Amino acid sequence: MLTLTENAAVVVTNLADRTLGAAPDATEAGLRISAAEAGNNFEVAVAPRPEPTDQVIESAGARVYLEPTAASALDDKVLDAQVDEGGSVRFSLAQAD
């Protein structure tokens with residue numbers, strides 16, 4: 001199962017909180033990861049709630065929603081996140097120990 005670093009959990013929570021503030025009905029806001037149509041890339045977006053077939057990961061208050069193909073591909077990975085000086089978020093994946 002995908003795991004999150006402490007940094008990733010904080011970043012995901014902050015992104016979701018911004019969505020909650022903009023859309024009060026988004027009480028389950030989280031980060032949704034889906035497989036891109038081409039290659040081994042992933043699409044990442046803040047979502048107000050999971051899709052019915054998503055795998056839900058919760059870590060330190062952060063919610064990550066994985067569509068089935070992404071869930072399979074990321075099963076043995078760790079998600080990390082960094083925020084640069086300009087506030088841009090960069091996610092990275094590593095192999096779990």
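What follows is calculated from the coordinates using simple rules that are stated; it is not laboratory data. Everything numeric here is computed off the predicted structure, so don't read it as measured data. Quick reminder, even Gly has a Cβ in these numbers, built from the backbone with ideal geometry, and neighbours come from all protein chains shown.
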Karplus-derived 3J(HN,Hα) from phi for region 75-86 (6.51 cos²θ - 1.76 cosθ + 1.60, θ = phi - 60°), whole Hz, x at Gly and Pro, runs 4, 10, 10, 10, 9, 10, 9, 9, 10, 7, 4, x
In the list [x] 6.5; [y] 5.5; [z] 9.3, the entry giving mean projected area of the Cα convex hull in nm² computed from the coordinates is [x]
Label model pair Thr53, Val83: point-to-point distance (7 angstrom along the Cα→beta-carbon line) in nm is 3.4 nm
Note on the chain: contact order normalised by length, alpha-carbon pairs under 8 Å, 6 or more apart, percent, works out to 33 percent
Bridge orientation stat for region 3-95 from DSSP, antiparallel percent rounded to 5, came to 80 percent
Arg90 neighbourhood, Cβ < 14 Å, K/R = +1, D/E = -1, net charge -3
Env charge @ Thr53, Cβ radius under 14 Å, K,R +1 / D,E -1, value -1
